[in-house]
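Down below is the structure, laid out as structure tokens.
The values are calculated or read from the model by the stated rules, or taken from the named source; none is laboratory data. Values in this document were obtained by computation on a predicted structure and should not be read as measured data. Positions of Cβ are backbone-derived with ideal geometry, glycine not excepted, and every protein chain shown enters the neighbour counts.
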């Protein structure tokens, strides 16, 4: 399941499925990971950064899951969304059971090539929704996940790939349906599309510009309009969204490379390392060095 490339405190995990007949996808029981965690290259209960997507469905147990340096409570029938490169860690308390659906970006894009791009964007956009979704006990989604597991390990190979893809697509669209009913600010209009473009522009340009007006101009809209979209969708201003993104990327780099605060400051576009330290502390209440030290508690 895991193939690790160690850089610093947190390992990066490449997609390396145990079965290769379904290219780009694997489903594993959580119990298997728990029972074999001592044999894995990295400890799944310590922070790690997968270079693939992950859906984790907890069928039993009360625990927590670390996602991008924040612990989220988990109970029976909780579905966890993990986007590629999000830092996460399990907490295997007694009684934890469930399924892990792991898939590559190529597999994800292939399965959802026929769906509306806004739906695809919403499925794995951490800023838009909480990364956990509570599934009602009577939901068909639970049955489909169990069926997907059965089909994946079935010895009958005729049309197996198509069956797996179909079930996988159903699971995602069922989850999207549930998310829509459980989320009060669910929006299906041009605001989502504009926010998608905005977030992509931030990811491409955050090291050279942290000014919200720069991105509004790139989008050919007013700063006020961009601000209103961000407030509506993620309950924060465009500037706060940009700053939060920079902080998250800074945290990931601090724990996943040999780079120090000074070099990181220049990489992120700060004129002086002291300005970066002030920026970091203002938004996290701790310095970059103190943040590194907090990783020990995981």
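Out of the stretch 154-168, which residues are exposed (fewer than 12 other Cβ atoms within 10 Å of the Cβ) and either touching a residue at least 12 places away in the same chain (Cβ under 8 Å) or touching a helix residue (DSSP H, G or I) at 6+ places or on another chain (Cβ under 6 Å) (or both)? If the condition is that a residue be exposed (fewer than 12 other Cβ atoms within 10 Å of the Cβ) and either touching a residue at least 12 places away in the same chain (Cβ under 8 Å) or touching a helix residue (DSSP H, G or I) at 6+ places or on another chain (Cβ under 6 Å) (or both), then 157 is the only one that fits.
When you look at residue 252, is it under 30 Å from residue 45 (Cα atoms) and touching a strand residue (DSSP E or B) at 6+ places or on another chain (Cβ under 8 Å), yes or no?
yes
Just one of the listed residues (100, 111) is modelled with pLDDT of 85 or more and either closer than 13 Å to residue 57 by Cα or surrounded by 19 or more Cβ atoms within 10 Å (Cβ to Cβ) (or both), namely 100. Looking at residue 264, is it within 22 Å of the chain's Cα centre (by Cα) and surrounded by 14 or more Cβ atoms within 10 Å (Cβ to Cβ)? For residue 264, the condition - within 22 Å of the chain's Cα centre (by Cα) and surrounded by 14 or more Cβ atoms within 10 Å (Cβ to Cβ) - is not met.
Evaluating residue 31 against the criteria (1) within 11 Å of residue 92 (Cα to Cα); (2) part of a loop (DSSP other than H, G, I, E, B) leaves one unmet condition, (2).
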